[in-house]
Structure formats: structure tokens, C-alpha cells
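Okay, structure first, notes after.
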Amino acid sequence: MKRTFAIGDIHGGLKALLQVLNKIEITEKDTLIFMGDYVDGWSESAQVIQFLINLSEKINCIFIKGNHDVWCENWLKKEEVNPTWYMHGGKETIDSYEGFSIEEKKQHLTFFENMPLYYLDDENRLFLHAGFTSMHGVEKEIFKENFYFDRTLWEMALIANQKIDENSPFYPKRVKHYNEIFIGHTPTLNFNIEKPMNALNIWNIDTGAAFTGKICAMNVVTKEYVQSDKLPSLYPNEKGRNK
């Protein structure tokens, strides 16, 4: 039986990622769609990237690019340290690359460069890190940075969720293009919720791994999900992005 899982933000938490993959008991028939932000936070960012490269040789994987991945990609390419990135997990990512060879870093750079900004499957399900703003859908998005920075899609869905009928002329047009939308980027912990959230046809599966939460993997058909332990318990001597 073929299954497809969407996996939320990882932020350098390799131990938690391994827990999640063990819980869903992946097979070679499965597809894994990663929602971005593989790095920045806990101490194993470079190790996460190496693990994912190796995993993709055995399992069908789709790796969507997140904003933290863009920062790391730019550092690997130019060795320029973005001050904002450095403060929000970049330092831990740089430290994690100690001992990695130039060739390994080049391999990681290629991995980042090849990541799509969104993925649309055969069932018209859209997967992207953050959001988009065009009423005409992702293909008409003018500012590509919105795919990994936008929060208005999720904020709009939360507001509209309890108040609007799908047939209303006021129903948000941008979400109607897709049967379902899966995102990360905005931790559900921001809303004091530790599990995935649903609003309109959008599923947010970033359950706060960068901070005090967990990594989440959701079966995109059944909506069943598994989560890791809370990241601070797996990295007790670290702060992640809890600073």
C-alpha cells in the first residue's frame, strides 16, 4: 500500500526526525514530502541534511525549501553570514558543519539549490513551506519569497475558518485553487496548540520543533499523524531557538 506523509519543520533535530520515521514505519513504497526548514535550531543541522540526502536514495522524497534553508544555502554558496540568520539558529548550523569536507558542503549546497518552492500532487494537494498571496494561485505569485516567508495565508484561514461558508462570494479565492494545502513555517505553539492545526482546507504541521515542541508527520490522505518527543528532552543541554 502506497502512503504519502507530509513532515513538518525539523530545525536540526535529527533525533526527533528518526523517532518520527520509525513511528510511521516507512517502506520503499512510501512518499515523504518535507515541508522545509531542515536546519537552524538544534545541533545536528548538517547531519540532518546528510541523512536526508542518503534517505532520498532509498525512498521517494520531495524536499520543499524553507526560509532557513535559503539562509543556509547562501552561506554555503558565498560564506556570508546573514546577521538575522545567525541569531535565529545560524550559529548552531555553522557549528554543525565542523568536520565536513569541502566536497560534502558542495553536495549539501546542490541539495539546497535543487529544492522546489512548492509541490502540487496528482490529487491537487499543494505543499509549501509558508504561503502565497496571489488570488490566482502559486503559478501567478510575483514575489517568490512569499513561498517561504508568507504568514498571511494561514492568518487569513484562521480568521475565516469559523465565519464563512464555502459558497459565499467572500470565501478566500486563493485557497479554492487546491483541494488541500499543507504548510509549515508558523509553529502551532504560537496558538498554544501542540498538534497539527486545520483551518479551511489548510493543514499546518509545524508543531514547534525549533522551540519546545515536536516534529510531526501526517498521512495526507487519512490525516493520521505521529509526533516525536519534545525536542528539549532530546537535546537537554541545548536551547534550540528558545533564547
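The values are calculated or read from the model by the stated rules, or taken from the named source; none is laboratory data. Bear in mind the structure is a predicted one, so any value in this text is a computation, not a measurement. Backbone-built Cβ (ideal geometry, glycine too); neighbour counts: all protein chains shown. With ligands, DNA and RNA removed, areas are computed over all heavy atoms of the protein, side chains included. Shrake-Rupley method; radii C 1.70, N 1.55, O 1.52, S 1.80 Å.
List of remarks:
- Accessible surface of the chain [probe 1.4 Å, protein heavy atoms]: carbon and sulfur percent: 50
- Karplus-derived 3J(HN,Hα), 6.51/-1.76/1.60, for each residue of the stretch 9-26, Hz, glycine and proline x: 3, 10, 6, x, x, 4, 4, 5, 4, 4, 4, 5, 5, 5, 5, 7, 6, 5
- Evaluated at q = 0.12, 0.25 Å⁻¹: base-10 log I(q)/I(0), Debye formula over Cα of the stretch 92-191: -0.53, -1.37
- 222 nm mean residue ellipticity, helices alone, for the chain (DSSP H n ≥ 4; -39,500 (n - 2.57); rounded to 500): -8000 deg cm²/dmol
- Accessible surface computed residue by residue for the stretch 55-143, with neighbouring protein chains in place and a 1.4 Å probe, gives 55 Å² per residue.
- Amide H contacts of residue 132: 153, each under 5 Å away and 5 or more positions distant or on a separate chain (H built 1.01 Å from N in the peptide plane; Pro and chain starts excluded).
- Here, the chain has an Rg and a Dmax of 17.3, 57 Å when only alpha carbons are counted.
- Label-point separation in nm, residue 243 to residue 53, each point 7 Å along Cα→Cβ: 2.6
- Taking all protein chains as they are arranged and a probe of 1.4 Å, the heavy atoms of residue 119 leave approximately 70 Å² accessible to solvent.
- Most simply put, the chain has about 45% antiparallel DSSP beta bridges, counting only bridges with both residues inside it.
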